Amino acid sequence: LFTDIALPPHLQVHVVVVDAAGQELAAGRDLAALRTQLGQAAQLSFAGAHPAFERTGITRWDFGDLPERLSIERDGRQLTGYPALVDAADSVSLMLLDTETAAAQATRGGVLRLMRRELRDAIARFEKGGSGFTAAALHLKTTIATDVLLADVLAAALDRALLADDPLPRNAQAYVETLKRARTRLPAVIEGAFRLLQAVAADVQALNQRLGTLPKTHARIGAEVRAQRDALIYRGFFSATPWVQLEHLPRYVRALDRRLAKYAERPDRDAKHAVEVGRLWQQYAERAEREHKAGRHEPALEAYRWLLEELRVSLFAQELKTPFPVSFKRLAKAWSDLPR
């Protein structure tokens, strides 16, 4: 409901939402809260509205097609619901949700749950970690608990191995074909994820060791590097980082280490770039926070975040190289191109 509305942060408005008959449904100044309130109201209106469609306790694809939308009549009004396959931990449920986006997100989780059930024997061998996991977990234990780290890596790897960029299946045949592809790529993807985790953890350990030897006179850069490290490596980082960016994490962490190693040579140059990059990061963080509160996800803003990381490499660790040219000018252009 009004998911595409974006108001300038300085504008204070009072929003009133009414139905087709002019009856007030909700009112307030907080768009995110209104979306939540109206979404909950929509779910209440859908609850039990289509009992022939809704089901719980599903453990295999035995329910026919999953349509993209269903029209239902409630209290003389025509409503559109979006069918979703919802993860229920040990099974899935068929439900009607109020937006297409919510249904797609839920269905991805539901399809993954069904596939994990069917491939549980193949997955079981990785449930205690893959090659190098114990050492990686030891390097990261002060930041992320071992069980949390393992669950995070498995979740990201399984999402990639089982569905990757495949379209969500909408019928039994498409589901079987998706499952067949998943079974083939599963071992390589999970093993690759654990190798990548091992590389990330080793670089974090080296960075932490250098941070531990910094003199007190380097407090400013030490604080900046720790903040940048923590924006890359945190509880849930493996799932939260886009898959295409995961392979670059070791380089980003090494760039932080190289910055510390070279700081004494040109502290004035480092400080100058730090101010400029800090301003861009603050600009990004404020926009990202607004998007989060509004319940929106802007792919171009996420891409900008990783451009910022490449800019840091270019400025502070040129020897590690970037996969494409990056500059302040390119960042400014990317920012100006963001949807307003």
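The values are calculated or read from the model by the stated rules, or taken from the named source; none is laboratory data. Everything quoted here is computed from the prediction, not taken from an experiment. Because the Cβ atoms are built from the backbone with ideal geometry, glycine has one as well, and the counts that use them run over all protein chains shown. Accessible surface areas use protein heavy atoms only, side chains included; no ligands, DNA or RNA. Shrake-Rupley method; radii C 1.70, N 1.55, O 1.52, S 1.80 Å.
Considering only residues in the stretch 56-80 that are part of a loop (DSSP other than H, G, I, E, B) and open to solvent by 100 Å² or more (accessible area, probe 1.4 Å), the one that is farthest from residue 108 (Cα to Cα) turns out to be 75.
Out of the residues in the stretch 103-147 that are acidic (Asp, Glu) and free of Cβ contacts under 8 Å to residues at least 12 places away in the same chain, state the one that is least open to solvent (accessible area, probe 1.4 Å). Across the stretch 103-147, the extreme among qualifying residues is 147.
Counting the residues of the stretch 231-244 that are in a helix (DSSP H, G or I), touching a residue at least 24 places away in the same chain (Cβ under 8 Å) and open to solvent by 30 Å² or more (accessible area, probe 1.4 Å) gives 2.
Tell me, please, whether a residue that is among the basic types (Lys, Arg), in contact (Cβ under 8 Å) with a residue 60 or more places away in the chain, over 23 Å from residue 328 (Cβ atoms) and part of a helix (DSSP H, G or I) can be found in the stretch 219-226. Checking the stretch 219-226: not a single residue is among the basic types (Lys, Arg), in contact (Cβ under 8 Å) with a residue 60 or more places away in the chain, over 23 Å from residue 328 (Cβ atoms) and part of a helix (DSSP H, G or I). Being closer than 30 Å to residue 299 by Cβ, under 21 Å from the mean Cα position of the chain (by Cα) and of a type in the set (A, V, I, L, M): is that true of residue 207 here? No, not satisfied. For the criterion of being open to solvent by 30 Å² or more (accessible area, probe 1.4 Å), modelled with pLDDT under 95, touching a Phe, Trp or Tyr at 6+ places or on another chain (Cβ under 6 Å) and farther than 30 Å from residue 195 by Cα, residue 100 passes.
Checking every residue in the stretch 300-311 against the condition of being outside any helix (DSSP H, G or I) and free of Cβ contacts under 8 Å to residues at least 24 places away in the same chain gives zero matches.
For the stretch 192-208, the set of residues classified as among the small types (Gly, Ala, Ser) and within 14 Å of residue 160 (Cβ to Cβ) consists of 192, 193, listed by residue number. Within the stretch 272-311, if we keep just the residues that are open to solvent by less than 40 Å² (accessible area, probe 1.4 Å) and at pLDDT below 95, the residue that is farthest from residue 198 (Cα to Cα) turns out to be 294. Exactly one residue out of 210, 258, 251 is touching a residue at least 24 places away in the same chain (Cβ under 8 Å), open to solvent by 40 Å² or more (accessible area, probe 1.4 Å) and under 22 Å from residue 137 (Cα atoms), and it is 210.
Close Cβ contacts (under 6 Å, 6 or more residues apart or on different chains) running from residues in the stretch 313-340 that are closer than 21 Å to residue 271 by Cβ to residues that are β-branched (Val, Ile, Thr) and not in a helix (DSSP H, G or I) comprise 313/322; 314/322; 314/326.
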